[in-house]
Amino acid sequence: MNKLKLRFVIIAFLLLSFSNFVQGQCAGSDSTIEICNKDSDDTNRSYNLFSQLGGSPIAGGTWATTNPENFYALNQSTGILDLWRINNYGTHSFTYTNTSCNQTATVTINLGGYPGEDNIDGSANACGDDNSVNLHGFLGSNVDGKVQDFNGLWEEDPSTVTNQLEGYTFNAQAAGTGIYIFTYTVPAVNSCAARTATVVLEVHPPAEPGIANSVTFCANDDLSAYTNFDLYGQLTGEDPNGTWSENGTGQLSDLNDSFINIEELNTNFGYGTYSFTYTVYPSHPVCEKREATVNIDILPVLVGTITADDICLGYDYEVNLAYDDTMLHNGSFLIEYTINNSTDIAPALLTNGSGSFMVNQNLVPLNRTVTLEIIGIESVSPMRDVCPRVIVPPTTFLVASSKADVQDICIENNAEIQITEILDATGNLANGNFTTNYEITNPDGSTSTSTSFDLEFTNGDAAFTISGSNFIVEGEYEVRPSISNTYATNCPIADIFTVTPVPNTIQLNLIVDNNCDATQIDVLVDAPILPNGTYTITYDVTEIISNSVLTTNTINFTGGTAAYQIDVDALPVGNYTASVRSIQNDATPCRIDFEFEENENFSIGGVPAAPVAAANQNFCMSEYTGGPTLMDIEVTAEGDILFYDTDTDTDILPISTALIDGEDYYISNTDTLNNCEGTDRVQVTVSFGNPEAPTSSNLNPQFCAETNPILANIEIDAGIGNSVTWFDALTGGNELASTTTIINNQPYFAATNTNGCNSSERLTIIPIVNSVTPTQLSADVLAVCGLDNPTVLTLRTLVDEFDNDVFWFSTETGGTPLSDDIPLVTDSIYYAENYDPTTGCSSATRVPVTIDLSNCDPENYDFFIPDGFSPNADGRNDTFFIPNIETIFPNYTLEIINRYGTTLFKGDRGKPAWNGKHGSATAPNGVYFYIINYNKGNSESIQGRLYLNR
């Protein structure tokens, strides 16, 4: 090789080696840096990671971090890192990737902690009623963007320890008022020393108005002892520096006055509730003012009288009430009362000083004086408290049950008068002789009064008789006894009764024109002794077997003889009873001579009509085991059926006689009630039928299981005009519906059906039902990244089928297969169906797969958290939201808080963007903090800060 050629080869080799060396170092090399006091230098807000790479990195790559907490602190394009936005001490790694050589290098920062600034100048204050004080709100800096680390440790100073610190929350309520010292420590990181910030918190006492105790009086109480009533006496545990106020009574002269005149309140305003409020202001504005209210309740009182008159059994027991309406308001009340130590409650409407209520009758004994007393009252409407003490004197009354009773009688009969539960003058049941008379009111309204007589009573009861000579006219009478020296009540002692005349005798007869087949019945009446006038008798016709009354009517006649007809021609065929009787005989108690009833049995259509039967009757031989008999001939007839060989034959054929094809038979019938045989016979000619068995060109037809084949799907040739009947056995067995589902390899048996007659021979069919096994999927959930735009084709990776084809559907049943280019939808279910190309059958069921589109690696999709936004309604960057987070982390939650720890916004997939407001208030410009819970796998929650600039 000559020297020129050798030199060229060497130069080419060196150039190639240098190119490979540069290619291998295009991302630089790893490096580790330690930064202790990041907060002391504001240039740390734009820390250049690229300059910290070792080797000879080439610009143009991208930066990434695996820690979501640092995501928004890093500019992925430039590698500029805001260390002030990393609010957790410790080790943080950032990776540089140069895609031109597909090389990476990592810068590792060991970051010292920042605990925030001391707060010991008295600006940290809390109220003693706060059980959750956020200590982070007292750390901070006057430098914008400088925020303490969030992963430090809060501790109580030993000199003021309370054990009420939990995490960063202090229970000031449990600790009580005082000054407490807390330290917030971030530990050492490598050579970076631990750092501590101190908070001196003063817990101020809350305002304490005390516990108010109200006081209650009745409107008629003696209140002279309460003319100088000190309201402080109704408070317990109050601060002494409060003020008193009230509404409209004029009892308080100024804010320091605590004395009121309750007697004057009652005199000026009457019953009601009067409120007096004690207000205490706090010693420090971090606490709020507090109030306690003392109520003075003056309750209305029922003061009045009640009256209850003596009343009679069966009337309402009403009590009248008169009351002082200046002491009690109008309205609805419940009155509690006692009667002889029995207690009950009754509603009452009281208006302008008067009202009434009803006494429970079950509490009041009869014929005895009782004492009624009101013992309580309760307001119902309007609902107001009422003084339980009532001032109402009791009253007495009596409920009497005295009465007279007289039974109905016949003309000129004596009347027996029964008198019960009569009270003597002292109110007890009467015993002994009492002077008595009575008054009779006649049907025409005239009256007569008896002479007085002594009547003996025993335990209030007595009886006497009034002669029948007083009752010679029919009609209604009233008897009203009057008994002297008895208890005066308003009870009417009287009774009304009826006097009925005695009817005379009559003669009557029934004549049936034809007992076998009647059309008319004559009713003959012979009553010559009756005076002229109108009389009534009743007749009815009853069907014997059912005992049903089919015809009923009344007959009116005058004295003498009469003849009437009962028309029975329209009655249906059957056996009947005709009955005639007197209405007067049934209704009056005076049945002496006027008692009669006549009955006569008869029939309608006694000779049965001829049977009804089809002249020609066919018998299908497959339906009769052993062949048909006379019993199988269809015939309709009343009574018993008889069969004969000829129209005139007298020998009855046995019912078990076997039928002969083409033979004639003659039928008559008899009435079972009168054994009368019909005069006409009907002729029936019988014939036998047996169709030929069906045929088929395919005794083993095949079907797909998913189509749910039925017997009707099997092709059978039964001949023109015939149908097929299916059975489960070659002979006998059960008939199967044509909708019966076919079972694989199970035999079925077909018969020809001609006009309802099945062939005795049957064709055997054994069908084959092909089933396809559902596909076996490698997973029931497909997790892919929705940002890759996956389609139905992606589902193919789940299926490994060789014998069958697989189609995908969006529905569990029905529908058409999905094409491979249809995009997948998250949380949707797709269904795989196997298809056997050999049989043309598919699987009966489809296997579901649920789609999860959140399987995305944030680093592969330029996932970042914005560090600020400008809600100025210019249409650009008006809300704070995180692009693509709902796809990568679908269950995430977002919380925005201010530097005092107050939550301004809570977001999630359904509420992703913050518009810079807190409720209806507008958040000011400045630094805010976010907390993101990714709620996915091992992704840790992150905290960061953002800047709001309008």
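Provide the percentage of antiparallel DSSP beta bridges, counting only those with both residues in segment 616-689; round to the nearest 5.
70
For segment 821-881 and segment 78-101, what is the separation of their C-alpha centers, rounded to whole Å?
Centre-to-centre (Cα) distance: 30 Å.
For segment 878-950, place one equal point scatterer on every Cα, skip the solvent, and apply the Debye formula. What is log10 of I(q)/I(0) at q = 0.16, 0.17, 0.24, 0.28 Å⁻¹?
-0.55, -0.61, -1.14, -1.42
For the residue pair S810 and E623, what label-to-label distance in nm results when each label sits 7 Å from Cα along the Cα-to-beta-carbon direction?
It is 5.6 nm.
Rank C620, L653, N220 by how far each Cα sits towards the positive end of the charge dipole of the chain (+1 on Lys, Arg Cβ; -1 on Asp, Glu Cβ) and give me just the farthest.
About the Cα centre, the residue reaching furthest to the positive side is N220.
What is the distance in Å between the Cα centres of segment 685-730 and segment 231-282?
About 103 Å separates the Cα centre of segment 685-730 from the one of segment 231-282.
Stretch N860-T32 to full length: gain in nm at 0.36 nm per residue minus the Cα-Cα span?
Between N860 and T32, full extension yields 295.6 nm more.
Can you pick out the pairs among K289/K906; K146/K906; K289/K911; K38/K911 whose Cα atoms lie more than 29 Å from each other?
Beyond 29 Å between Cα atoms: K289/K906; K289/K911; K38/K911.
Given N residues in segment 422-484, what is its alpha carbon radius of gyration divided by 2.2 N^0.38 Å?
1.28
Find the centroid of the Cα atoms in segment 159-190 and in segment 291-313, then give the distance between the two in whole Å.
If you average the Cα positions of each part, the centres end up 61 Å apart.
Among DSSP bridges having both ends in segment 781-852, what percentage is antiparallel? Round to the nearest 5.
Of the beta bridges lying entirely in segment 781-852, close to 80 percent run antiparallel.
If you plug each phi of segment 463-472 into the Karplus form 6.51 cos²θ - 1.76 cosθ + 1.60 with θ = phi - 60°, what whole-Hz ³J(HN,Hα) values come out, in order, with x for Gly and Pro?
For segment 463-472, the Karplus-derived couplings read 8, 8, 10, 10, 4, x, 5, 7, 10, 9 Hz, x marking Gly and Pro.
What is the order of M383, M631, M327, fewest Cβ neighbours within 10 Å to most?
Sorted ascending by nearby Cβ count, the order is M383, M631, M327.
Multiply the residue separation of N171 and S332 by 0.36 nm, subtract the distance between their alpha-carbon atoms, and state the gained length in nm to one decimal.
52.7 nm
Taking the Cα atoms only, what angle lies between the long axis of helix 3-24 and the longest principal axis of the chain, rounded to 10 degrees?
40
Taking a cut-off of 17 Å between Cα atoms, list the aspartates and glutamates near K403, but don't count ones fewer than 8 places away on the same chain.
Counting by Cα, and skipping residues close in sequence, K403 has these aspartates and glutamates nearby: D310, E416, E421, D424, E439, E456, D461, E478, D495.
Considering only DSSP beta bridges with both partners in the chain, what is the antiparallel share in %, to the nearest 5?
85
Describe numerically, in nm with one decimal, the distance between label points set 7 Å from Cα along Cα→Cβ at D632 and at D344.
For the pair D632/D344, the computed spacing is 8.0 nm.
Sort F229, F259 by Cβ crowding within 10 Å, fewest neighbours at the top.
So the residues, fewest neighbours to most, are F259, F229.
Give me D645, D130 ranked fewest to most by other Cβ atoms within 10 Å of their Cβ, as a rough exposure proxy.
By the 10 Å Cβ count, ascending, the order reads D645, D130.
Going 7 Å from the Cα of D517 toward and past its Cβ, which residues in segment 615-653 have a backbone nitrogen under 20 Å from where you end up?
Counting only backbone N, you get 637-642.
Compute the Kirkwood hydrodynamic radius of segment 211-299, taking the inverse of the mean of 1/r over all pairs of distinct Cα atoms, and give it in Å to one decimal.
Across segment 211-299, the inverse of the average 1/r is 13.7 Å.
What are the semi-axes of the equivalent ellipsoid of segment 702-770, taken as the square roots of 5 times the eigenvalues of the Cα gyration tensor, listed largest first and rounded to whole Å?
The answer is 21, 13, 10 Å, longest axis first.
Using the beta-carbon distance between I768 and D800 and R0 = 41 Å, what value does 1/(1 + (r/R0)^6) give for FRET efficiency, to the nearest 0.05?
0.90
Report the gain in length on full extension from I211 to T731: 0.36 nm times residue separation, minus Cα-Cα distance, nm rounded to one decimal.
177.5 nm
For Rg and Dmax of the Cα atoms in Å, one of (i) 56.9, 181; (ii) 31.5, 110; (iii) 34.8, 118 was computed from the structure I shared and the rest are decoys. Which label?
(i)
For the pair S819 and I545, how long in nm is the line joining their label points, each one 7 Å along Cα→Cβ?
7.9
Computed from the coordinates by the stated procedures, all read-outs in this text should not be read as laboratory data. What you see is a predicted model, and the numbers here were worked out from it, not measured in a lab. Positions of Cβ are backbone-derived with ideal geometry, glycine not excepted, and every protein chain shown enters the neighbour counts.
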